[in-house]
Amino acid sequence: MDENIQKLEDTLEEFYVALTKLKKEFSRLAMEIQRLEKENKWLREQIPGLAGNPEPYKEGQNALARLYHEGFHICHLQYGNLRTEGECLFCIALLKK
Amino acid sequence: MHFVCEKNVLAAALGIVQRAVATKSPLPALKGVLLETEESGLVLSGTNLEFGIKCSLQAKIIEHGAVVLPAKLLTEFIRKMPDGMIDASSHSDNPLNINIACGNIKFDLSGYPAEEFPKLAEASSDAARLAVEEGLLKEMFSQTEVAIARDETRPILTGLLLETEANKLKLVATDGHRLAFRQAAYADNTELKAVIPGKAIREVSKILEDAQDKKVEICLDDTCVVFIMDGIVLSSRLVEGKYPPYQQIIPTDFKTSVVADAQALQAALERAEIIVREGGNNLVLLQVDQGITVIGASQDVGRVEDFVPAEVQGEPLEIRFNVRLLLDCFHNIKDQQVHLDFTGPYSPCMIRPFENHNYLHLVLPVRLS
């Protein structure tokens, strides 16, 4: 009987720890969503072609170059994410095309 | 369960298997080593659910059985035992309690049922199989492993791409700032592609020997890879996803090409690193003109300027690099001369051994804002 109660207590403790972690993760994700929404809005404002009036190819390239130099990834792997670790081989290759 | 084996053999096997054992896990069995007896001897297994290692060793089996014992405790105890034979047996009334004896020393260790130990990843029966010379694979891994991404923001880059095509075995790794590529001739013409987790590659590299007469068997299916070595099996899940098209980022036209003595350039970079490391910026400036001048400078620390004679073709150039990334390439180049090809001060530099076109590194320069 005591053993069963101990087991139940252990399980509840584990559950509580997991729940606390989940809550923390949830609030982190909520903040991340908010940040991404802001970033997305800003990015959309920066790309002229995205609003519905496609610009010529060169304009698009220039916009990409500008985005890259402003510190964002333009490669397929991480498009739109902040370049927190400096230069990116994939973005550079795209700019060189 | 009852077996007798040599202490040093058991200690060595535990040392290998322990690399796969989870250090933190809510499942106690995951922090343990599974000991199983077979007709031929003892089999030890450890896993952290990402990858697992299975090691077979010679032992005299007196009674068959299986148990999971705490890895850390068992390894420490066995290491501290005097040289000689180890006799391990389970208690008749409690098979999970193992008595381990060596000479006058005896200790009891409580374990967990073998059924609680997760099954290690196994390649399916129709998995593709490759046999590669052990020494060659070790060299190929060491040349490419440095470029595998450590940070998890782009999970696909935390793995090493292994592909076979047109009678070539190719390994590719990139963390977005540098790329390492290595290829070797391979007899089979089957086309394979898999991304193996960097952690598994680093562990396999530690186990592999320089031997040229032994072969490693690599089994690959859609979800897992298994490396079968001499008495040791390492299995790992593959990284899911599509590896980015790396061929597109390898430049083919260059504005400046340099051939220099690999050792002299490496030594110059190592000297510069002493200064820049102290200053905390890790940046070196390469002035490419009549040769290569390596300049390392840190405010409040000092400055080093080192001229390395080199054969330069094309435009003169000034370019800055993280010295650690350059040295990682040079540590794996055994040729006397090295090729450095540049396409501009902000584009990746291609570094490759002069006579070996099967190996190359791409390193991005650092742009000062």
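Pairing the Cα long axis of helix B:7-17 with the longest principal axis of chain B, what angle in degrees results, from 0 to 90 and rounded to the nearest 10?
So the helix axis and the longest Cα principal axis differ by about 50 degrees.
How large is the convex hull of the C-alpha atoms of the range B:2-116 per residue, in Å³?
92 Å³
As I understand it, the value is the acute angle between the Cα axis of helix A:57-69 and the longest principal axis of the Cα atoms of chain A; what does it come to in degrees, rounded to 10?
Result, in degrees: 50.
Over the Cα atoms of chain B, what Rg and Dmax result, in angstrom?
Final numbers for Rg and Dmax: 24.9, 82 Å.
Once you charge only the Cβ atoms, +1 for Lys and Arg and -1 for Asp and Glu, what is the size of the charge dipole of the range B:1-137 about its Cα centre, to the nearest 20 debye? Before the final figure, lay out the partial values.
Values: 12 positive and 17 negative charges, 106 e Å.
Charge dipole of the range B:1-137: 500 debye, to the nearest 20.
Measure out, as a whole number of angstrom, how far apart the alpha-carbon centroids of the range B:248-276 and the range B:135-157 sit.
21 Å
Which residues does the label zone of residue B:334 cover in the range B:136-150, counting backbone N under 11 Å from a point 7 Å along Cα→Cβ?
Zone members listed by number: B:136-140.
Report the gain in length on full extension from residue A:24 to residue A:45: 0.36 nm times residue separation, minus Cα-Cα distance, nm rounded to one decimal.
Going from the current span to full extension adds 4.4 nm.
Using the alpha-carbon atoms, what tilt in degrees (0 to 90, nearest 10) does helix B:198-207 show relative to the longest principal axis of chain B?
Between the helix axis and the principal axis of chain B, the angle is about 70 degrees.
Over 24 Å apart: what share of the alpha carbon pairs of the range B:128-248 falls there, rounded to a whole percent?
Value for the range B:128-248 (Cα pairs over 24 Å): 18 percent.
What is the dipole size for the range B:128-248, taken about its Cα centre, with +1 at each Lys and Arg Cβ and -1 at each Asp and Glu Cβ, in debye to the nearest 20? Please list the in-between numbers first.
Values: 16 positive and 20 negative charges, 71 e Å.
Around 340 debye, computed over the range B:128-248.
Can you give the three extents of the C-alpha atoms in the protein assembly as shown along their principal axes, from longest to shortest, in whole Å?
Principal-axis extents of the Cα atoms in the protein assembly as shown, largest first: 80, 55, 54 Å.
Is the shape of the range B:207-264 best called rounded, prolate or oblate, per the rule: a/c under 1.5 gives rounded, else a/b larger than b/c gives prolate, else oblate, with a ≥ b ≥ c the square roots of the Cα gyration tensor eigenvalues?
Working: a/c = 4.15, a/b = 1.50, b/c = 2.76.
It comes out oblate by the Cα gyration axes.
Quote the charge dipole size of chain A about the Cα centre in Debye, to the nearest 20; the model charges only the Cβ of Lys and Arg (+1) and of Asp and Glu (-1).
On the way: 14 positive and 16 negative charges, 167 e Å.
For chain A, the charge dipole is close to 800 debye.
Between residue B:153 and residue B:213, how many nm apart are label points set 7 Å from Cα along the C-beta direction?
5.0 nm
FYI, it's all coordinate maths here, none of it is from the lab. Here the structure is a predicted model, which is why all the values come from computation and not from measurement. In this analysis, Cβ positions are derived from the backbone assuming ideal geometry, glycine residues included, and neighbour counts consider all displayed protein chains.
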